[in-house]
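Structure record follows, encoded as structure tokens.
The values are calculated or read from the model by the stated rules, or taken from the named source; none is laboratory data. Predicted, not measured: the structure shown is a model, and the values here were computed from it. Methodologically, a virtual Cβ is constructed for each residue, glycine included, from the backbone with ideal geometry; neighbour enumeration extends over all protein chains shown. Each accessible area value is taken on the protein alone, full model and side chains, heavy atoms only, with ligands, DNA and RNA left out. Shrake-Rupley method; radii C 1.70, N 1.55, O 1.52, S 1.80 Å.
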Amino acid sequence: MSLPAFQTEPTEDVSPEDYLRLERQSAVKHEYIKGKIRAMAGAGYLHNLICANLTIEIGSQLRGKSCSVVGSDQRLQILSGSAFTYPDLTVVCGKPEFNEEKKPDTLLNPTLLVEVLSPTTGQYDRSDKFMLYRQVPSLRQYLTLDSRSVHAELYTLDELGRWVLTETRDLAAVLDLASIGCQVPLAEAYAGVTF
């Protein structure tokens, strides 16, 4: 199958192999969910600032440890190729695993995923996307941060396999990112952000 260019709603399903081939040639990022391709919108200043703050804070705490933090250009494969996404922030602990060793661009084993919510993606990130993420065997925590107000939702996988929510709107709170051995003050995530 040959698509002339990415379409946001293809008339027929695209295989994971065709998606990856097209995506690797594209200058624009696209998500792939169960055969459908969707172009990703650009992010705003506050969204990017929160992502940068978190990358700096988490990255400095992980320096010299076995975990690494990467940004929103890191593609993640879910469900043996039924979905591919680009989380805003990904932390992988131990050796990163990729779907193809020859092309190490599609990660398989994140420990922590972070999404910064925008008005257009907030509901999707909290529901359908989190449902996909929960199917990643290595995932231990999922954090969402609102880009319009101070609001963090941290989901942690407990020892019984349940996702437990810790939610806060308190700027003085500290996020317990136990899965990666980090404690992140919410004030650091929102440093320089004015609403």
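Okay, here's what the table says:
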item: Residue ID - nearest to Lys129 (Cα to Cα), chosen from residues in region 10-20 that are surrounded by 15 or more Cβ atoms within 10 Å (Cβ to Cβ) and free of Cβ contacts under 8 Å to residues at least 24 places away in the same chain; result: Val14
item: Some residue of region 128-144 being under 22 Å from Leu46 (Cβ atoms) and not in a strand (DSSP E or B); result: yes
item: Single condition Lys103 does not satisfy, out of (1) without any contact (Cβ under 8 Å) to a residue 24 or more places away in the chain; (2) loosely packed, with under 13 Cβ neighbours inside 10 Å; (3) out of contact with any Ser or Thr (no Cβ under 9 Å at 6 or more places or on another chain); result: (1)
item: Residue match in region 42-51 (condition: free of Cβ contacts under 8 Å to residues at least 60 places away in the same chain, under 19 Å from Glu23 (Cα atoms) and open to solvent by 20 Å² or more (accessible area, probe 1.4 Å)); result: yes
item: In region 77-93, the residues that are crowded, with 22+ Cβ neighbours inside 10 Å and part of a loop (DSSP other than H, G, I, E, B); result: Pro87, Asp88
item: Pairs with Cβ under 7 Å, 6+ apart, first in region 165-186 and open to solvent by less than 80 Å² (accessible area, probe 1.4 Å) and modelled with pLDDT under 95, second of a type in the set (Ser, Thr, Tyr) and in a strand (DSSP E or B); result: none
item: Residue check, Cys67 surrounded by 15 or more Cβ atoms within 10 Å (Cβ to Cβ), touching a residue at least 40 places away in the same chain (Cβ under 8 Å) and touching a Ser or Thr at 6+ places or on another chain (Cβ under 6 Å); result: no
item: Residues within region 148-160 that are open to solvent by less than 80 Å² (accessible area, probe 1.4 Å) and closer than 22 Å to Cys67 by Cβ, tallied; result: 7
item: Subset of region 21-31 (residues that are open to solvent by less than 80 Å² (accessible area, probe 1.4 Å) and outside any loop (DSSP other than H, G, I, E, B)); result: Leu22, Glu23, Arg24, His30, Glu31
item: Filtered residue count, region 159-191, keeping only those that are within 17 Å of Asp146 (Cβ to Cβ) and among the hydrophobic types (A, V, I, L, M, F, W, C); result: 10
item: Residue ID - farthest from Cys93 (Cα to Cα), chosen from residues in region 127-154 that are small (Gly, Ala, Ser) and without any contact (Cβ under 8 Å) to a residue 60 or more places away in the chain; result: Ser149
item: Residue that is most open to solvent (accessible area, probe 1.4 Å) [pool: residues in region 108-127 that are over 25 Å from Ala178 (Cβ atoms), among the polar types (S, T, N, Q) and not in a helix (DSSP H, G or I)]; result: Thr120
